[in-house]
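Structure first, commentary second.
The numbers here are math on the coordinates, done by the rules we state, and not lab data. For clarity, every value in this text was computed on a predicted model and none was experimentally measured. Using ideal geometry, Cβ is built from the backbone for each residue, glycine included, and neighbour counts are taken over all protein chains shown.
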């Protein structure tokens, strides 16, 4: 099985909590990382931890793994 990373939950969580990308920048998430998130590229666990702390959420609220074979 091949799994793809999706940060779709991140954008939903940010919207739900009223947090903008500008606010992430102010709290130490850099432009390169934001671009990686937008392109569903890998991020470090340290970055995931920072996002979870900023958004006061769990990792499942920012990332999901999609099975490339069946879309779930």
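General observations
- Alpha-carbon Debye profile of the chain, log10 I(q)/I(0) at 0.12, 0.13, 0.25 Å⁻¹: -0.30, -0.35, -1.20
- Between 0 and 90°, nearest 10: helix 8-17 axis offset from the chain longest Cα axis: 30 degrees
- Packing-based ranking, highest mean first, of 20-32, 50-62 given that Cβ atoms within 10 Å are counted: 50-62, 20-32
- Between 0 and 90°, nearest 10: helix 45-55 axis offset from the chain longest Cα axis: 60 degrees
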